[in-house]
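Before any comments, here is the structure.
The values are calculated or read from the model by the stated rules, or taken from the named source; none is laboratory data. In this text the structure is predicted, and so the values were computed from the model without any measurement. Ideal geometry is used to build each Cβ from the backbone, glycine not excepted, and the neighbour counts take in all protein chains shown.
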Amino acid sequence: MMSSKKIILLMLLLITLGGTIYFVVVIIPTRVAERSYAGARQIGKDIAKVFQFTPEVTVNNTIVLQQKTPVFELAMLKQQFQHQYAWTSTWAGSTKKINISGIKLIN
């Protein structure tokens, strides 16, 4: 029979291992994706400031920043942003997936 110290040590090891796996599989990829989209948007804004036009920026066939175009003949601009978020959780043999996407239109 295992002593109580070994059981506690084993439980702490499993909790630490689970936390590490969660951090590596969920947290790090989420942060990397957020930084890549934010970086692409910032590059588009920097180009807009320097060259006085906004390019269309895509990341993995997803439009991150759409080109600004005049609407009618007024000084109005129309811009469309696409937002996406995907989340997956697996626990106790069950996997949950959530995919959220939307388009925001700025006039």
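Observations on the model:
- Segment 33-57: number of residues that are at pLDDT below 70, within 19 Å of the chain's Cα centre (by Cα) and among the polar types (S, T, N, Q): 0
- Condition check for T62 on (1) surrounded by fewer than 12 Cβ atoms within 10 Å (Cβ to Cβ); (2) at pLDDT below 70; (3) within 13 Å of the chain's Cα centre (by Cα): one failure, at (1).
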